[in-house]
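Undergrad: Dropping a structure here in C-alpha cells format, bear with me for questions.
No value in this document is a laboratory result; all are computed from the given coordinates. Note that the structure is predicted; figures quoted are calculated from it, not measured. Ideal geometry is used to build each Cβ from the backbone, glycine not excepted, and the neighbour counts take in all protein chains shown.
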Amino acid sequence: MSKPQSEQVTVSVFLVFTAILRRDLLLAFRRRSDFFNPLAFFLIVCSLFPLGVGPNPQQLALLAPGILWVVALLACLLSSDTLFRNDYDDGSLALMLLSPVSLYVQVLAKTLAHWLLTGFPLTLLSPLLGLLLQLPSEGMLALMMAMAVGTASLSFIGAIGAGLTVGLRKGGLLLSLIILPLYIPVLIFGVGTVKAAVEGFNYMGPLAVLGAFLALAITLAPLAIAAGVRISIDN
Amino acid sequence: MVSILQTVDLCCERDDRVLVSGLNLDIEQGLIYQVEGPNGSGKTSLLRVLCGLSSRYTGSLTWRGQSVQQARSQFHAELLYLGHDSGVKAALSPRENLIWHAALKGLNGRSADEAIMAALEKVGLYGYEDSPCFALSAGQQRRVGLARLFLGCSRLWILDEPFTAIDKKGVAELEQWIEAYVQGGGTVILTTHHELTISQPVCRITLGDQ
C-alpha cells in the first residue's frame, strides 16, 4: 500500500473523442454493407421516381427538391436505429457510461461518426441524383450546402431517438414515431433553400435557419442523447 | 484498513421482486469480496448498482466518503468493471479493441501500445493481436476482455462471472492476478460459482437466503 490512495486520474476528453470516432469509422469500414445500405436506399428510391411520376422534365424539376429531401430523411431514419444497437448488445455502451469522461463528449463523437457515414456521403451523392431528377443547375450548390448542414441535424435528432429506444427489443416503429416529427423543420427549410435557389432568390435565409438548427443540435442534443442512453442502460 | 466503498441500508428490487434489502457493506481496500447466491438472486443487479450503472436502489452509496453521484468521475477513473458482455467487437482485432479501452483509461500513443502488448501477452494472446476477434474462440474473446484488467491504474475491480469460458490454466492464472492485485493494494468484488483457491482471505456477501 505504498501507492497514494486517491491519485487524481485525468483522462483527456479529446483523446476519448478521437478514439471513439476512429473506432466507429474502422468498424464501418470492416462492415461495409451497413454503410452502403442507406446510400443504396437513397439511390434506388430516387431513381424510381422518374419511372413512377413520368419523365416530363418540368414536372420532375418541380418535385425534385421535395423528393430528394424526403428520401434523404428516410435514409437517415433507416440508419439511426443501428447507431447505439451494436454497442448496447456487446456491452461497450455500459463501459462508455463507466468512463471518467462525460457521456456528452462520447455521444458527440458517435453522432459525428454517424454523420460522416450517412449524411456526408448522401451530400456527395445528391448532385448526381439532382441531375437524375432534372433539378436545374442553379439549385445544385444550394442542395449540397443544405444537405450537408441539414443531414448533420438529422443525425443528432436520430441519435436522441436511438439512445432512448436502444434498450427495447423492438424499438423500430417507436423510433420513427419519436423522431419523424422532429425531422419536419429540417425538411421544410431544406426544401425551402433548394426551391429559393432554383427560383433565383437569395437562399441564404433558409440556409441560415438550417445552420441555426445545427448549432442548437450540437450543443443541446448530446444532453438528451446521453440522458436517453443512461435510461436505456439503467434497467 | 481504509474503507473505500460503503453502502448504508441498500435496497434494490427488480420486476417487483426484492433482491437486496437493508444491505450495509463496507468495502475495504486490499480485500476480496465474493458475492454469492443462487441464479436469479440479484448478484449482477447488485454489482450494477455498486458500479453506478443502475439507479434502481434506495439507501446510500458512497465512494471514499462522497456520494457516488458527486464523485462519479473520480470513482469511474479508479473503477474497472467486467460484465457478462465484455465490450469486445468481433469485427476488430484484439489490439484495435484495446486501443479504445486504453483511451477510456487515459492511455494513448506509445505508452498505450506498450501497455496493450504487455496485457495481450499476459492473457496469452500474443501472436493473435492482429487477427479479427470473430476468428478467435469464445475463451480467447473472453481473454481479450480480461486484458483490460492490465490497462491503466484502477483501484477497484468489479468482476461479474470472470471465469466464464476460461480454461483450467486460465482460471489459475486469473486467481493469481487477483491475488497479486490485492497484494498491491487493489480491491476486488466478484461473483462466481467457482470455489476460489486464493491464499488471501475472501469476504463473502450472501444474497437470497431470507
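Undergrad: Stokes-Einstein D for the protein assembly as shown at 4 °C, 1.567 mPa s, Kirkwood Rh over Cα pairs, in µm²/s?
TA: Rounded to a whole number, D works out at 54 µm²/s.
Undergrad: Angle between the Cα long axis of helix B:168-183 and the longest principal axis of chain B, 0 to 90 degrees, nearest 10?
TA: 60
Undergrad: Residue farthest toward the positive end of the dipole of the protein assembly as shown, with Cβ of Lys/Arg at +1 and Asp/Glu at -1: which of B:Leu120, A:Ala208, B:Cys12?
TA: Result: A:Ala208.
Undergrad: Sort B:Cys51, B:Cys153, B:Cys12 so the one with the fewest other Cβ atoms within 10 Å of its own Cβ comes first.
TA: With the sparsest Cβ surroundings first, the list reads B:Cys153, B:Cys12, B:Cys51.
Undergrad: I would also like to ask the following. Arrange A:Trp115, B:Trp177 by Cβ neighbour counts within 10 Å, fewest through most, would you?
TA: B:Trp177, A:Trp115
Undergrad: May I pose another question? Under a point-charge model restricted to the Cβ atoms of Lys and Arg (+1) and Asp and Glu (-1), what is the dipole moment magnitude of the stretch A:1-126 relative to its Cα centre, in debye to the nearest 20?
TA: 220
Undergrad: With a length cut of 15 Å (Cα positions projected on each helix's long axis) and a Kyte-Doolittle mean of at least -0.5, go through chain A and give me the DSSP H helices that pass.
TA: Membrane-span-like by this rule: A:13-30, A:32-53, A:57-80, A:103-117, A:119-132, A:139-165, A:172-198, A:204-233.
Undergrad: Compute, for chain A, the length of the dipole vector about the Cα centre, with Cβ point charges of +1 (Lys, Arg) and -1 (Asp, Glu) only. Units Debye, rounded to 20.
TA: Once rounded to the nearest 20, the dipole reads 340 debye.
Undergrad: When the dipole is taken about the Cα centre of the protein assembly as shown, and only Lys, Arg (+1) and Asp, Glu (-1) are charged at their Cβ, what size is it in debye, to the nearest 20?
TA: 560
Undergrad: Can you tell which of B:Asp160, B:Asp130, B:Asp16 shows the greatest fluctuation in a Gaussian network model of chain B with Cα springs below 10 Å?
TA: With Cα springs under 10 Å in chain B, the top fluctuation among B:Asp160, B:Asp130, B:Asp16 is at B:Asp16.
Undergrad: Moving to a separate point now. Please build a GNM for chain B, connecting alpha carbons under 10 Å apart, and tell me which residue among B:Leu46, B:Leu125, B:Leu23 fluctuates the most.
TA: Result: B:Leu23 has the largest fluctuation of those listed.
Undergrad: Evaluate 2.2 N^0.38 Å with N set to the residue count of chain A, then give the Cα radius of gyration divided by it.
TA: Ratio of Cα Rg to 2.2 N^0.38 Å: 1.13.
Undergrad: What ranking of A:Thr219, A:Thr151 emerges when the number of other C-beta atoms within 10 Å of each C-beta is taken as an exposure proxy, fewest first?
TA: Final ranking by Cβ density, sparse to dense: A:Thr219, A:Thr151.
Undergrad: Per residue of A:86-98, how many C-beta atoms from partner chains lie within 10 Å of its own C-beta, taken as a mean?
TA: If you average over the peptide's residues, the count of other-chain Cβ atoms is 6.
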